[in-house]
Each structure stands twice: as C-alpha cells, then as structure tokens.
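Encoded as structure tokens, the structure appears first; notes follow it.
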Amino acid sequence: MSDTSWLSKFPQLERGDLIAIRKTLDGAYREFSRNYGDTIESLFDPLLTFLIWFEKLLIASPWWLTIGVILAIVYGASRSWKLCTGVFASLIAIGVLGMWDDTMRTLSIITVCTLLSIGIGIPTGILMSRSNRVQAIVTPILDVMQTMPAFVYLIPVVMLLGIGKIPGVIAVIIYAVPPVIRLTNLGIRLVNKETLEAATAFGATAKQRLFGIQLPLAMPTIMAGINQTIMMALAMVVVASMIGVKGLGQPVLKSITNQYFTLGLFNGLAIVALAIIFDRVSQTYAKRTQKHLGGMNND
Amino acid sequence: MTDLNKASTEENETLIEISGLYQVFGNKAKSVLPMVKAGKSKDEVLAETGHTVGLRDINLDVKRGEIFVIMGLSGSGKSTMIRHFNRLIDPTEGQIKVEGEDIMKLTDDELIQFRRHKMSMVFQHFGLMPHRTVIDNVAYGLAIQNVDKTERLASASQWLETVGLAGYGDQYPAQLSGGQQQRVGLARALCTNAEILLMDEAFSALDPLIRSEMQDQLIELQAKLKKTIIFITHDLDEALRIGDRIAILKDGILSQVGKPVDILLSPADDYVEAFVKDVNRARALSTQTLMQNVNNTLESQSVESAINSLNASQQEYGFVCNNEGYQGVVTRSQLEQAAANDSNADICCDELLIKVPSVSPTQSLQSAIPEALGHNFALPVTCKDGKLVGTIPRSEIAQVLES
Ligand SMILES: Nc1ncnc2c1ncn2[C@@H]1O[C@H](COP(=O)(O)OP(=O)(O)OP(=O)(O)O)[C@@H](O)[C@H]1O
Ligand SMILES: [Mg+2]
C-alpha cells in the first residue's frame, strides 16, 4: 500500500534537510564575512569619516548659525519668505523641546543618504531607460528592495559590517533608492519622441541628447522621485536606530519599550517636521526651475 | 521647341537615390520580409504576424535643387519614408544613397556630421524643445555644432524674422500658437543652412492665408538658396502648387512619381485618378509647373544682330531683356521692317517692343489666363526683380485645360 499522506499534508523537505540548507548558507556567509568583512568595512571608511564630520559640524556649530544656513538654503531654493518663516518656527520649536541634537543627527544622515541615493539612482535610472533588457533585470530587483522587510536585509548587513552608522546608511539607501531609479527611468522614457528625434536629426550626440533634452525634460519626474526618496529615508529613521544609528529614531524606540507616549509623539513630530521641510523645499525648487512648462504637460 | 526646352530639373544630377526599400515594423521584421515580398497585403501581414508593413519596394530618386513632394493619405507611410532620408529609421532592407554615397555604411560619427551639415528636418508635430526659448530652439542645430553664441543667436533671429516671428525669441514654445510653433520649426531647420530640407507636413498647421504665403516663401527660398526640398503633404493642391515632382504613396507603395502635369493628365492608376479627379487644374497648377526654359531671349542690341540671333535659333520672335529685366517681345517681321530704316537702332525701344504682360512663377494658372489672351506669344514668367525665368507655351496651357 502506498503512502498517500502527501495529499493531506504539504510534501515538505525533511527537517534535517532544511536545517542542513540553512546551516550551509549561514556558514558560507559567516565564512565570507569573517574573511572579507574587514576589507569591505575599510572600503566604507571615507564615507564613515565624512558622516562623522558632517554630524559633528551640524551639532558643534552654534544653533543660530545652523538655523541661519538652513534658512539661506531654503530661501535660495524656494525664494519664498512664507516657507522660510515656517521652517524657522519648526526649528525653534524643535530646539525648545530639547530635540536639537537628535534632529541634527537625523538631518545629517538623511542628507547623506539622499545625496548617495541620487548619486546611485539617477545613473541607474538612465541606464535602465536606454535598454529594455536592463529595465527587465532591474525592475524585479527594485521590487524586492521595496517589499522585503527591512529587518531581513539588515541581518546580512549587520553580520558583515556590525552595528553602526554605515549599516544604517546602507539599509536606508536600499529602502529609499528605488523611487528615484524608477522615476528617472520613467521620466526619460516619457520624453516626447519627436522632440528627441529632432535633436537626433540635427546631429546631436548621445551625450548632447541626454544632457540637453532627456534629463531636462525628465526633471519634473525625477524631482518627484527624489522627493519620494527623501520621504522614505525619513521613514527608515526608526528602523535604522535599531542598529545603532543615533538621532530622532532612538527616543522613539525607547518610548515604545517604556511606553513614553509624549516622548514618542514629540520625536515623531520632529521627523514629520523634517519631512515637510524637505518636501516643500524640493517641490518649490522643482516648480521654480520648470517655469517654462507654464501649466502645460511636458509634450 | 519642347525638346529643346527641357524643364530645368531634368538636367540636374541625382542627389538622393533610394532603391528596393522595405520597412516592416515589429520584432522579427526580417523573418516577415519574404511574406511581404511575396505580395501579401498590409492587412494580411498584420493579421498573420502582428507586423506592420510601413513601406514596400520603394524606388525613387531626388534631383539636386528640386522640390520633391511625397503625397498620400493618413497612414500611407509618408512620415516613415522621410525618416529614412536622415536615418531616424533604418530600413529593414534597401539602399539609400546621397550624392552616390551609401548612407547605411556611415559610421556613427560620419552620420552625426551628415545630419549636422547635409540635411535638416521640419517635424509634423513640430518636435520643439519645450524647455528652450524660441530663439534657442531655432539656434539648436548650431548650438550642438558648438557655434559661438552671439553668432548663432544672430543667425537665429534673422531666420525668425524671415518666418515672421521677430520679437517672439524670448517666449517658450508653449506660449505660441500651433501655426507659430510650426514656423519656429521651419526657422530651426533653415538655420543650419543644410543643403537638403526634409519637411513633414510643415504647413498643415497653418491657416490658408499664411499657408499660401509660406508656400510662396518656400518656392522663393528654394530658387534663391538652391536647396533640395523633400516635402510631405496630404493636400494635393499644395503638392501641385509647389512640387517640381510628386510621388504618390498608398499603403506603403509608390503609385506614381511624376511632374504635377503628368499626375494630373495621366494618372497611373485608379487611386491616383480618384485623387486628381475633382481638381480644378487651372487653379491647382502654378505657372511654374508648366514653365519651360527660354531659348529666345534677346538682350538690348541692334536690330541687325537681333535678326541674326533669331535666325540662329530659328524663332519667329524673341523676349527682350535688359539690365532691368524683361521688357517685351519683338517679332521677326517687325525687326525686318525696322531694319529697312536703320539696322543699327536698339531693339529696346517703344516702337518695336510689344508689351506682352508677364506672370509670376507662383501664381495659379487660372489667374494667368487673362494675361495669355490677346496675343499669340508664349507667356513670359518673371520673378520679383523682373528677371525672366521661363515661358509657358500656349500649347501647354491648352492641353492642361482641355482634357
Ligand atoms: N514605430 C512604429 N511601429 C509600428 N508601426 C508604425 C511605426 N511607425 C509607423 N507605423 C505604421 O506605419 C504606417 C505609416 O505611418 P506613417 O506615420 O508613416 O503615416 P503618414 O503617412 O505619415 O500618416 P499621417 O498623414 O497621418 O502623418 C502606419 O500604418 C503606422 O501604423
Ligand atoms: Mg505623418
């Protein structure tokens, strides 16, 4: 008589086999990180030095100078006094409520993550827009990056690099970079075909087309991607704090374990304030530089 | 006389030559090609393979200095065809030669140089760059050639003025009307001074008045700058008006290539015939389409030498032109009478000259007919500065109007 239990119960691998698989993979990775961990970590040293320097700069500068510089940047980007007033009020409130240092830490890491995401994301998006094959390969990777729970990819990163700023930055970037890649690709692909053909017909080189036509015309879409990226990076602040990234995330983590509602709320609001500042400033900047569209779509 | 007076285009050399050109759109175009060659129709190929036949066995040549019109209904493959001239689309099969050089063999760099200096293009949907001002759009071709900024802006504003948009330079394309944008596209194409101009329905967004003005301007420009123009239109009247030769395209196949008169008087198939059936010929044809070279021009000279040159060319009369252009007609009989009095007198005098009125090359035949009445001479055609550019024999006029 044959065994028919596979009908009622899923025919899974033997427990022993599963454990063996896990052990081999874990062992191999552990071996890898033991051998190469230090080398890889040293590759990130310049970045770490910069991160520490930038954070120190923001914290060590007198608060009024930092606010002054931030306001100057906000005004330079948006040319809006209203926005400046709002930013000023939020920063003062944050300082008065005792969150100045943590906010500066978060600000520094978010700024660095955003710049790195842009630096990685735009070139990747450009490559994707030029070849359907690259697009077919990169898209599922981006899907995984966005849907895989952050904790899961934190494990190998922490195994490899330990706890600290660098793993935090990597985790944030993995989570936050997909929008800027996707929207760069989309923006370039949406550029009016005849406009691009016109450039080609007049003898533009590939480089002249990219920098003279495709990127400028894709810019509104790319800016939307950058905006998304910033928002997602800020959303990762709490998760990153679990692997030792200091900033507004750690008090939130503390309030969860100790049930400090008000502390959590204040720090949460500070994150929201940062998000709104980043969002409004980048939006008004984008709008200001896209004046030629004058209410028209980019066709 | 007709034999001697070949229309000017026929003497010119071939500039662009296309032979055996096929264009099939789709992923596996090459594998569908045999089916297309076997004569399956566009619809059959589409139904069986999902591929669109764009062009099928196109053979044509464009002469230097002519306006070559490609005409056909929507979807007949006009835009597809014109994109092959500067290789915005590569053919599935076939050869494209410009000045005898196979442009399919150009390297990437050579192709860029070719596009910068040999050809420029006006696009059906303008293809303007929305993030550049009008003047920067016009100067674009020069900008990518790294022409100095003041120089290219000067040249751009001059062309902008030519197309009637002086003062719009600092606007963005979105702030202009469709017709104005079209003219920006035209100025942009002219600004690079390329020898060959590709124009894809360049005038279809214009209102009738500006349109006919632009047509005149184009003809004038072409005469002045000796450009070769490939002009696409779906409007037969426009084709007849400006074309030196017309190619008629149907479902990706060339039905007929010929001079406007040929198309009108001897349509090659039912399709072309249906096209031209309702055309008012006298209105549709411009005088220049019937115009022939003059071989009996007489300069200001003595009566005696004028008789000699009429004898030499075996003509009964001649068209007298001096520095100020066309003056009138003198006949042999009058000259002989005058010779009896004074054979050294100048023929350019009121007693001898018959003031046969002249017509312009761009006016319609219909409007020229009154000028052809009241005398028995061929109709002189002069351009704006009074220079005699050709004549229209009476027999030609009669033939066009009759059948
Ligand atoms: N990139 C493409 N992919 C697939 N089919 C195409 C492509 N471009 C053109 N076609 C097909 O080729 C045919 C000819 O199109 P084309 O644009 O040349 O027509 P047209 O004569 O310029 O028409 P119109 O007067 O409307 O501009 C159409 O059937 C169209 O569907
Ligand atoms: Mg078209």
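Every read-out reported here was derived from the displayed coordinates using simple, explicitly stated rules and does not represent laboratory data. On a predicted model such as this, the values are computed, not experimentally measured, just so you know. Quick reminder, even Gly has a Cβ in these numbers, built from the backbone with ideal geometry, and neighbours come from all protein chains shown.
Residue pairs exceeding 22 angstrom between C-alpha atoms, taken from B:K226/B:K384; B:K97/B:K224; B:K224/B:K277: B:K97/B:K224; B:K224/B:K277.
Annotation: aspartates and glutamates with alpha-carbon distance below 17 angstrom to B:K37 (same-chain offsets under eight excluded): B:E48, B:D57, B:E93, B:D251.
Using helices alone, I'd like the mean residue ellipticity at 222 nm for chain B: each DSSP H run of four-plus residues gives -39500 (n - 2.57), total over residue count, nearest 500. Calculated at 222 nm, the ellipticity per residue is -11000 deg cm²/dmol. What percentages, rounded to whole numbers, describe P(r) for the protein assembly as shown computed over all alpha carbon pairs with 20 Å bin width beginning at zero? Values per bin, smallest distances first: 14, 32, 26, 17, 8, 3, 0. Remark on chain B: ratio of C-alpha radius of gyration to 2.2 N^0.38 Å is 1.13. If you average the C-alpha positions of the range A:118-186 and of the range B:146-194 separately, how far apart do those two centres end up, in angstrom? Their Cα centres are 44 Å away from one another. Specify whether the C-alpha gyration tensor of the range A:47-290 places it in the rounded, prolate or oblate class, a ≥ b ≥ c being the square roots of the eigenvalues: rounded for a/c under 1.5, otherwise prolate if a/b is larger than b/c and oblate if not. Note, shape of the range A:47-290 comes out oblate. Put the Cα centre of the range A:28-102 next to the Cα centre of the range B:222-285 and the gap is 69 Å. This model, with +1 at the C-beta of Lys and Arg and -1 at the C-beta of Asp and Glu, gives the protein assembly as shown a dipole about its Cα centre of some 3880 debye. The charge dipole of the range A:47-290, taken about its Cα centre with unit charges on the Cβ of Lys, Arg, Asp and Glu (plus for the first two, minus for the last two), comes to roughly 400 debye. On a 0 to 90° scale, report how tilted helix B:208-225 is relative to the longest principal axis of chain B, with both axes built from alpha carbons and the result rounded to the nearest 10. Taking the Cα atoms of chain B, the angle to B:208-225 is about 80 degrees.
Take each residue in A:189-199, count the other chain C-beta atoms within 10 Å of its C-beta, and the mean is 5. Taking packing as the residue-averaged number of other Cβ atoms within 10 angstrom, the listed peptides B:286-297, B:360-371, A:125-136 run from highest to lowest as B:286-297, B:360-371, A:125-136.
With all pairs of separate Cα atoms included, the range B:229-298 yields a Kirkwood hydrodynamic radius of 12.8 Å. Spin-label model, A:A93 to A:D45: label points 7 Å out along the Cα-to-beta-carbon direction sit 4.4 nm apart. Stretched out straight at 0.36 nm per residue, the stretch from B:E299 to B:D207 would grow longer than its current Cα-Cα span by 28.9 nm.
Amide H contacts of B:S255: B:I248, B:L249, B:K250, each under 5 Å away and 5 or more positions distant or on a separate chain (H built 1.01 Å from N in the peptide plane; Pro and chain starts excluded). Here the sum of -39500 (n - 2.57) over DSSP H runs of 4 or more residues, divided by the residues of chain A, equals -27000 deg cm²/dmol at 222 nm, to the nearest 500.
Each label point was placed 7 Å from the Cα along the Cα-to-Cβ direction; for B:E13 and B:A282 their separation is 4.3 nm. Using C-alpha pairs below 8 Å separated by at least 6 residues, the relative contact order for the range A:47-290 is 25 percent. The lysine pair count for chain A, using Cα distances under 20 Å and pairs eight or more places apart or on different chains, is 8. Simple spin-label estimate for B:K387 and B:N341 gives 3.4 nm between the two label positions (7 Å along the Cα-to-Cβ direction from each Cα).
Computed over the alpha-carbon atoms, the range B:290-402 gives an Rg to Rh ratio of 0.98, Rh here being the Kirkwood radius from the mean inverse distance.
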